[in-house]
Structures are given as structure tokens and as C-alpha cells.
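Colleague: So that we are looking at the same thing, I have put the structure below in C-alpha cells.
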Amino acid sequence: MSPPLKCTALFIGAVAACPSLAIAAHEANFTGPLVTPAVNSMPVGMTNIEPYLIHTNTRGAYTNAGDRKERDPTMRQWQLAVPMTYALTDTASVQLTLNASRTSGEGMHTDGMRMGDTAVRVQQRLRAPDADGQGLVLAVALAQRLPTGTYHGLDTNPLNGTGNGAMRTTIAFGAQQLYGLDDGRAVRWRSQLAWSPSPGRIGVRDTSVYGTEHGFRGHARLGQAWNASVAAEYALDARWVLVGEAIWNRASAVELTDRRGNGSRRIAPSQDLSFAPAVEYHFNPTMGLIAGVQFTVAGRNTADYVAPQVALNMVF
């Protein structure tokens, strides 16, 4: 039996949900890329909602040596992720991200749509853009992952696992800058660097997302995690924008200990590199649609996946 698929759109602390106020510059609008989160702030009192629909296909896996192995049959997951952001001030915002998913593969499927882990994120802008919207923007964020998804006690269906059981905290630093080009078009780049300390030990029983089986009684100790991403958006005109993005994730080893005296085992550290090209279409300055695909190009001890996705960015 295989563990459930990992959420590809949401990294540690759900920092990848990316609401962004559309920015007018040289008659251009931006929703933000698929993964790298917003850096600039909205005016106080404004709300941003950006539901994502993601279809992840796990095609194989990367070994410890980095070699790719095919998987047959393919594991598939439908995921709905909904980040909701509210501007507390002109420089600070709070975000709540809810998500649910359904996974199928190897003749099994999740028992309906099941809630995943929830995330709360607070961001403070450190440096504002220039009056014309250009200039370097900097921000720092603190995110808390809440274990609302099931991760153990899965009985005979490991695909029902939608969380990891950990109260994981993430600290992130983001930067972005907008450039108006001589031809009237605009380019915006955005990046993020995030670190999550070890959340410590969590209890684990029976079948779990950590590969344990029925009768297991013990705990798992998760290690640190890191994330880095960079994205660029090129505005063709006021409605159409082309997006390119690269994302790197790394998670330390997980130590599993059986309290019944059966010893312990170690889940090796993992990392992956993925790309996420996309296209944006803007109905108006406060509503835009982004569609693209995130796919792995390298990794170690992790899944090889392709994840088409679409999101509707709305500012109120």
C-alpha cells in the first residue's frame, strides 16, 4: 500500500498560496505566480481569495542517488486549496489556507474529499515600492501549520492520510520588483526563502502516512525543512501575462521509534526541484485567472509528479 500523495501547491506552513493585488504599471496587471507567495501588501481592509484546483499525477519516484524510477499505475490526486488573505494594515496581512483532497491509485481511493492540514500566515512588509509601483519590495512572514488532516489510525486505507500531524512553524523572507519596459510592457520578478525548524516528536499509531502498519505504537520525529523559489512575470498587455517559476524543497530525515521494543527506523531526507510555467488572464484589475503546470525535474527520495492547476485571484 502506498502513502498518500504530497500536496504540491502548499509547502511548509502553506506559504505557497499566492494571493496578490493586481498592480497597474504600464497598463499591466499581475495575479502572482502559482507557487511563490505575495510580497507586496494590499491597502488596509481589503480581502483576497484565490481558490486553486490542482490535479497531481505521480508518475514515479526519485531514488537516494537521484535516479528516476517509473511508477505503474500512476497515483492521482484532486486537491482544492483556498487561501484567504485580509489586510490588517497597509503593511501587514493575515492569511488562512484551507484545503481538501481525494486520491486514487492501485485499485484504491480516498473515502471522499478529505480535509488536509490548515495554515495561518502573518506577513509584514519591510520595504514599500516606489510611488510608481516600481522599486524593491521586501517582506517577512511567519506561518503556522495546524494538523487538521488525518495522518495515522488509517486502518486499511492509507490514502485517507491527508496531513502529517505536526505543528510546523515556518519563517519566510520574500522580495519582488517591478520594471516598466521601454516598449510599454512590464516585468515583475519575485522570490522567497523559507526555513522551518523541527516540530519535534508526534505520536503515531497503526497505519500512517509514515509507512507504519496496523499495530504500530510509537512516535515520529520530523526534522527541519527549507524552501526557495523564484518567479518572473512578463506582461504582454493589460490582460495577458506569461509566467516562469522554479521551486526547490528540502526536508530532513524522519526518525520513527516503536515503543513496543521493535527498534526504530529512519526515513531518508528528501529534496526536489520543480518548474511551474503558467499563463495569466485578467478580466479587470481586481480579478485574474492563472493556469499552469508544476512538474519535477530532479529529486532524491521523493515523488516525480506533474500537477496541472488553475486558480482564480479575486480582490474585494
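Coordinate-derived values only; no laboratory data. Since we're looking at a predicted model, the values are computed, not measured. We place every Cβ from the backbone using ideal geometry, glycine too, and count neighbours over all the protein chains shown.
Colleague: Relative contact order (percent) for the stretch 184-298, with alpha-carbon contacts under 8 angstrom and 6 or more residues of separation?
Modeller: RCO, the stretch 184-298: 21 percent.
Colleague: If you don't mind, there's one more thing I want to ask. Give, as a single signed number, the net charge of other residues whose beta carbon lies under 13 Å from the beta carbon of residue 140, with Lys and Arg counted +1 and Asp and Glu -1.
Modeller: Around residue 140, the surrounding residues sum to +3.
Colleague: Taking the beta-carbon count within 10 Å as an exposure proxy, list 202, 290, 54, 49 from fewest neighbours to most.
Modeller: If I rank by nearby Cβ atoms, fewest first, I get 49, 202, 54, 290.
Colleague: Given charges of +1 on the Cβ of Lys and Arg and -1 on the Cβ of Asp and Glu, with all other atoms neutral, how large is the dipole of the stretch 12-315 about its Cα centre, in debye to the nearest 20?
Modeller: That gives the stretch 12-315 a dipole magnitude of about 1160 debye.
Colleague: Another question, then. For residue 289 and residue 76 in one chain, what is 0.36 nm times their gap in residues minus the Cα-Cα distance, to one decimal in nm?
Modeller: Additional length available on full extension: 74.3 nm.
Colleague: What does the net charge come to around residue 175 if you take all other residues with beta carbon closer than 13 Å to its beta carbon, with K and R at +1 and D and E at -1?
Modeller: Spelling it out: positives minus negatives among the neighbours equals +4.
Colleague: Relative contact order of the stretch 12-315: what whole-number percent is it, with Cα pairs under 8 angstrom and at least 6 residues apart?
Modeller: 20 percent
Colleague: Right, here's the next one. Can you tell me which of 181, 136, 80 moves the most in a GNM of the chain? Springs connect C-alpha atoms under 10 Å apart.
Modeller: In the Gaussian network model the winner is 181.
Colleague: Would you kindly derive the ³J(HN,Hα) couplings of the stretch 174-179 from the backbone phi angles with the Karplus curve 6.51 cos²θ - 1.76 cosθ + 1.60 (θ = phi - 60°), listing them in order in whole Hz, with x for Gly and Pro?
Modeller: x, 9, 7, 8, 10, 10
Colleague: Determine the gain in length on full extension of the stretch residue 214-residue 88; use 0.36 nm per residue of separation and subtract their C-alpha separation, reporting nm with one decimal.
Modeller: Going from the current span to full extension adds 40.7 nm.
Colleague: Quick one: what do you get for the stretch 123-191 if you divide its Cα Rg by 2.2 N^0.38 Å?
Modeller: Here the answer is 1.83, to two decimals.
Colleague: Here's a follow-up. Taking K and R as +1 and D and E as -1, what net charge do the other residues with C-beta under 14 Å from the C-beta of residue 260 add up to?
Modeller: +1
Colleague: Shifting gears a bit: Which translational diffusion coefficient, to the nearest whole µm²/s, is obtained for the stretch 35-179 from the Stokes-Einstein equation, given a Kirkwood hydrodynamic radius over C-alpha pairs, 10 °C and 1.306 mPa s?
Modeller: In µm²/s, the coefficient is 90.
Colleague: Scan (i) 18.0, 61; (ii) 21.4, 82; (iii) 19.9, 70 for the value of Rg and Dmax of the Cα atoms in Å calculated from this model and give just the label.
Modeller: Answer label, from the structure shown: (iii).
Colleague: Quote the FRET efficiency, to the nearest 0.05, computed for residue 156 versus residue 298 with a Förster distance R0 of 35 Å and r equal to the Cβ-Cβ distance.
Modeller: 0.50
Colleague: Between residue 96 and residue 140, what is 0.36 nm times their sequence separation minus the Cα-Cα distance? Round to one decimal in nm.
Modeller: Taking 0.36 nm per residue and subtracting the Cα distance, the gain is 14.2 nm.
Colleague: Separate question: Report the calculated FRET efficiency for residue 69 and residue 111 (r = Cβ-Cβ distance, R0 = 25 Å), to the nearest 0.05.
Modeller: So the FRET efficiency works out to roughly 0.30.
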